[in-house]
Amino acid sequence: MTTAPVRDSDPAEVPRFPDPRSAVCPFDPSPALRDLTRLGPVSRVRSWGESTPWVVTRHAEQKALLSDPRLSARFTHPNYPSPVDSRHAGGVRPDMSFVAMDDPDHARLRRMVSGVFTVRRIEAMRPVVQRIVDDFLDRMLAGPRPADLVTSFALPIPSLVISELLGVPYDDHEFFQVNSKTIVSTVATAEQRGQAHGRLSEYLDDLVGRKTAEPGDDLLSQLAARVTTGELTRSQAAAMGVLLLLGGHETTANMITLGTLLLLEHPEQLAAVRDSDDPAVVAGAVEELLRYLSIVHLGRRRTALEDIEIAGRTIRAGDGVILLGELANRDPDVFPSPDTFDITRDARHHQAFGAGTHHCVGQPLARMELQVVYPTLFRRIPTLRAATGTEEIPFKYDAVIYGVHELPVTW
């Protein structure tokens, strides 16, 4: 039996898309955001400006739509549901990045970097990451207490790892960290985000030029070689560098701090991560942390290229679509007792990295880094604790990538 499509709501009755920064519990989606599930798995919202995109809240519908070629990832579509006008964001060229392309262009550019992020190649890096983690723990332990876990540990580790992978000088980490923070900020103006993106683009463009003249054993040198053969423009290579540099440290750094704080609040599960010699236990804990925390906020956004019928609704060609991963990862039909943090559950089918052809290309690296970080941190510092109450910790309600601005810890 087929369900007849539901008529679109009267625009005057469409609810406003809630502010995701209104969370009561810092580890949970905001109650206002979760209220959207009462409207059904697919419903209209009044979003930024006066647009009325569809919001998708359930796991099954999100997985189906993220794999549907009738949805476009192009930021430049006039109805793309963005909090800023992506076509005029202070000089940002989102069309140069493969995350903002559809196939076949997306697949062609993505293949140029995906080989570096295979599970086999990433696993070969595990001893290097282990050494980096131990080095930064040595420095933190030798320093003053309390220490800020963000600046002394969580941020420098993925920054150094992605720098070495790309061939970006780690000495420039402060420059790319500051500009990355501006790009993902929800309180920075479009002009400020555009200027930050422009500075990073110029930096990577210059670096690609240098790699063309003096190639090394790194990903940017591989991209520079493709510029030489005409497979890429230099601007495209720089844009891919910006994407990988930003995504390679910003998300993992926030997962390290937020996951550490969550484990500190669940000492029995922390002990299981710390004491287990079974890699599967640690890997399972990382998947549950990714599911439970779902740090990518404001949703994955798309525009319909054709009419799509789903969950009794008709998404019309040209309509914007917002897919809220933090709600999909709390779907009780997929994750029983979804608001319970439980590292023994099978959480591998979460959507923290998206789904479909646009799933995060760097997810093997992020997983491996987190699998090294958490047990090493708690084994090396078994008495680690937060040096302040949760209510005093500055959470990133002002950023697309959720986390904490700082986390004072002591031992």
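The values are calculated or read from the model by the stated rules, or taken from the named source; none is laboratory data. What you see is a predicted model, and the numbers here were worked out from it, not measured in a lab. Please note: Cβ atoms are built from the backbone with ideal geometry, for glycine as well, and neighbour counts cover all protein chains shown. Only protein heavy atoms, including side chains, enter the accessible area calculation; ligands, DNA and RNA are left aside. Shrake-Rupley method; radii C 1.70, N 1.55, O 1.52, S 1.80 Å.
Annotations for the structure displayed:
- The condition of being open to solvent by 30 Å² or more (accessible area, probe 1.4 Å), in a loop (DSSP other than H, G, I, E, B) and not acidic (Asp, Glu) holds for Pro382.
- Flag if Thr182 is over 21 Å from Val116 (Cα atoms) and in contact (Cβ under 8 Å) with a residue 40 or more places away in the chain: no
- Members of the stretch 150-209 found to be crowded, with 18+ Cβ neighbours inside 10 Å, at pLDDT 90 or above and not in a helix (DSSP H, G or I), listed by number: Leu155, Gly167, Val168
- Enumeration of residues in the stretch 328-341 that are closer than 22 Å to His297 by Cα and either in a loop (DSSP other than H, G, I, E, B) or basic (Lys, Arg) (or both): Asn329, Arg330, Asp331, Pro332, Asp333, Val334, Phe335, Ser337, Pro338, Asp339, Thr340, Phe341
- The residue that is modelled with the lowest pLDDT, counting only those in the stretch 26-47 that are of a type in the set (A, V, I, L, M, F, W, C) and closer than 13 Å to Ser294 by Cβ, is Leu33.
- Selection from the stretch 349-376 of residues that are more than 20 Å from Ile162 (Cα to Cα) and of a type in the set (A, V, I, L, M, F, W, C): Ala355
- Matching option when the condition is buried (at least 17 other Cβ atoms within 10 Å of the Cβ) and not basic (Lys, Arg), among Gly325, Gly389: Gly325
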